[in-house]
Amino acid sequence: MRKVYAVVLVLVVLSFTFYFGNFFMARPETHTSARTGSMKSVNATFNDGFCVYPDSPLGKMVAEELRGRGYKVLLLSAPVECDGQFLAVWVKWFNVSYSPVLARGHVRVIAVYSSAGDPTHYLRYRNATDGTAALMDFEDTQIPQFQAYVLVDVSDESRGIIGLRGYQDYLMREAAKAVVGNIKHVTDGEAG
């Protein structure tokens, strides 16, 4: 009877370890795609540094990626006008099929950017009944600026020893890298 309890206890501990474990020792096959849109005003203002909203796990990963590229970053707890370039990021949806040795996932992240620190486009999107149209429709603002949105899709299939939390973090880090890379791609050449 003790052997049965020991086996059950080991299985419970392993289940908790893989479910809550933040480890990822696997061979990923990751694919990233992005769609962007932008509008540049005449004499657009480009502030130094970035203000990232919200102060969430994804926001922190994006801020870490920006800092790694040499930028000053301020995390915002509310979408307010700031002295840096405004960047709002959030997860639109997240889907994972998981086992401890094989995981498949897909995450869609949306980012809204303003070179002048203006959250107007983001706020209009969040309050719209038709979010897709509001995201893709830019309006002139009083502040001359460069505005952009980025839709990032990250899909992956990984094989190896994988903890669920570690796999989710891996997908989010890949999304954060793609957001920063695409924001820099659409703004390169515009700030001059």
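Among the residues of region 156-186, the ones that are open to solvent by 20 Å² or more (accessible area, probe 1.4 Å), under 20 Å from ILE110 (Cβ atoms) and among the aliphatic types (A, V, I, L, M) come to 2 in all. Taking (1) under 19 Å from GLY37 (Cα atoms); (2) without any contact (Cβ under 8 Å) to a residue 40 or more places away in the chain in turn, ALA111 satisfies each apart from (2). Restricting the first member to region 54-74 and to residues that are over 20 Å from ARG126 (Cβ atoms) and in contact (Cβ under 8 Å) with a residue 24 or more places away in the chain, and the second to residues that are open to solvent by 30 Å² or more (accessible area, probe 1.4 Å) and in a loop (DSSP other than H, G, I, E, B), the beta-carbon pairs closer than 8 Å and six or more apart or on different chains are LYS72/ASP48. The set of residues in region 139-155 being surrounded by 15 or more Cβ atoms within 10 Å (Cβ to Cβ) and modelled with pLDDT of 90 or more consists of GLN145, PHE146, GLN147, ALA148, TYR149, VAL150, LEU151, VAL152, ASP153, VAL154, SER155. If you go through region 54-72 and keep only what is part of a loop (DSSP other than H, G, I, E, B), over 19 Å from HIS185 (Cβ atoms) and open to solvent by 50 Å² or more (accessible area, probe 1.4 Å), you end up with ASP55, LYS72. Within the set TYR98, TYR125, the sole residue that is within 20 Å of TYR167 (Cα to Cα), of a type outside the set (Val, Ile, Thr) and more than 14 Å from the chain's Cα centre (by Cα) turns out to be TYR98. Please count how many residues of region 122-136 are surrounded by 15 or more Cβ atoms within 10 Å (Cβ to Cβ) and over 22 Å from MET61 (Cβ atoms). Matching residues across region 122-136 total 3. Of the residues making up region 91-100, those that are hydrophobic (A, V, I, L, M, F, W, C) and surrounded by 12 or more Cβ atoms within 10 Å (Cβ to Cβ) are VAL91, PHE94, VAL96.
The values are calculated or read from the model by the stated rules, or taken from the named source; none is laboratory data. Keep in mind that this is a model prediction, so the values were computed, not measured. Every residue, glycine as well, gets a Cβ built from its backbone with ideal geometry; the counts of neighbours run over all protein chains shown. Please note that ligands, DNA and RNA were not included when accessible areas were found on the heavy atoms of the full protein model with its side chains. Shrake-Rupley method; radii C 1.70, N 1.55, O 1.52, S 1.80 Å.
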